[in-house]
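*Asks:* Input: one structure, supplied below.
The values are calculated or read from the model by the stated rules, or taken from the named source; none is laboratory data. In this text the structure is predicted, and so the values were computed from the model without any measurement. Glycine gets a Cβ as well: all are built from the backbone with ideal geometry, and neighbour counts include every protein chain shown.
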Amino acid sequence: MEHESAVVTRSGPPPARVRIARALPLGIIAAAALLNGACTTIRVTDPPRTATEQFLLSEAAARSIEQLEFEPLRGHRVFVDDRNFAAEARQFVIGQVRGKLLTNGVPLVEKREEAEIVMEIRSRGVGIDRYGTLIGLPPIPIRPAAEGVSVDAALTVELAFYKNTKQLGFASIAYVAYWRDTGEVVVASGPFVGKTRRDDTWFFGFGPSTVGNVPTVKHEMQE
């Protein structure tokens, strides 16, 4: 008597333990990638002064210095006396004046007694004026800020349909030069005013659209 044997083939999804075993490596890889991304941090710091502030001042000073007359000093040994200059961007202004003297053929000396001519530089002012316009609802205090709580935390959100902030930089530089041995004036130039500007505008909360004549703006302003 012959016996027939039959092979039973399973159809349908594999057992749960098989599915788990297959998915486990992929889960480990995904978890490792997630942990790696979650543990990555970038340390960001801000300097005390913004680039815009510094450019508004330095560019205004450079525009003022560009108008000064240096031709009468050409070929004479000059000592730059900056004791009376105490305005903002002092180091840049002094360096810019010295650079303009050198490029105009004026040799500089480091000691007063070595000079033929002494140049005293001065300023009527180097600074920034700011103007703001807002059409909408400005931030309104909700309650007095508690001790240790930021004042901004106790303000409502600003709702601005139109907002504009203008920053205007001004610098006024001048100098007088005289013979070291006699004190007789050789030349006086200035004061001349240099100006810079940055405008930031928001419409219905979108922006800013920025124009101006300093390197930090998006669109150069035609003068």
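*Asks:* Tally the residues that are assigned to a helix (DSSP H, G or I) and farther than 17 Å from residue 128 by Cβ, restricting the search to region 67-95.
*Replies:* Number of matching residues: 6.
*Asks:* Then there is this: Checking residue 131 against (1) farther than 17 Å from residue 174 by Cβ; (2) surrounded by 18 or more Cβ atoms within 10 Å (Cβ to Cβ); (3) under 24 Å from the mean Cα position of the chain (by Cα): exactly one of these is not met. Which one?
*Replies:* Of (1) farther than 17 Å from residue 174 by Cβ; (2) surrounded by 18 or more Cβ atoms within 10 Å (Cβ to Cβ); (3) under 24 Å from the mean Cα position of the chain (by Cα), only one is false for residue 131: (2).
*Asks:* Just to be sure before I move on: is residue 178 over 25 Å from residue 136 (Cα atoms) and among the aromatic types (Phe, Trp, Tyr) in the structure I sent?
*Replies:* When the stated conditions are applied, residue 178 passes them.
*Asks:* Please specify each residue of region 176-218 satisfying the condition of being part of a strand (DSSP E or B), more than 30 Å from residue 83 (Cβ to Cβ) and not polar (S, T, N, Q).
*Replies:* Within region 176-218, 197, 198, 199, 200, 202, 203, 206, 207, 208, 211, 212 meet the criteria.
*Asks:* Sticking with this structure for a sec: Within region 186-200, which residues are modelled with pLDDT of 90 or more and in contact with a Phe, Trp or Tyr (Cβ under 8 Å, 6 or more places away or on another chain)?
*Replies:* Scanning region 186-200 gives 186, 188, 189, 193, 194, 195, 196.
*Asks:* Given the options 98, 130, name the one that is basic (Lys, Arg) and assigned to a strand (DSSP E or B).
*Replies:* 130
Here's the yes/no breakdown for (1) touching a Leu at 6+ places or on another chain (Cβ under 6 Å); (2) modelled with pLDDT under 95; (3) among the β-branched types (Val, Ile, Thr); (4) buried (at least 16 other Cβ atoms within 10 Å of the Cβ):
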{"position": "46", "(1), (2), (3), (4)": "no, yes, no, no"}
{"position": "51", "(1), (2), (3), (4)": "no, yes, no, no"}
{"position": "54", "(1), (2), (3), (4)": "no, yes, no, yes"}
{"position": "86", "(1), (2), (3), (4)": "no, yes, no, no"}
{"position": "89", "(1), (2), (3), (4)": "yes, yes, no, yes"}
{"position": "102", "(1), (2), (3), (4)": "no, no, no, no"}
{"position": "118", "(1), (2), (3), (4)": "no, no, yes, yes"}
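*Asks:* Then there is this: Somewhere in region 49-66, is a residue part of a loop (DSSP other than H, G, I, E, B) and closer than 30 Å to residue 205 by Cα?
*Replies:* Checked against the condition, which is being part of a loop (DSSP other than H, G, I, E, B) and closer than 30 Å to residue 205 by Cα, region 49-66 yields at least one hit.
*Asks:* Moving on to the next point. Taking the condition of being loosely packed, with under 10 Cβ neighbours inside 10 Å and either of a type outside the set (A, V, I, L, M, F, W, C) or modelled with pLDDT of 80 or more (or both), how many residues in region 140-169 meet it?
*Replies:* Residues that pass the stated criteria total 6.
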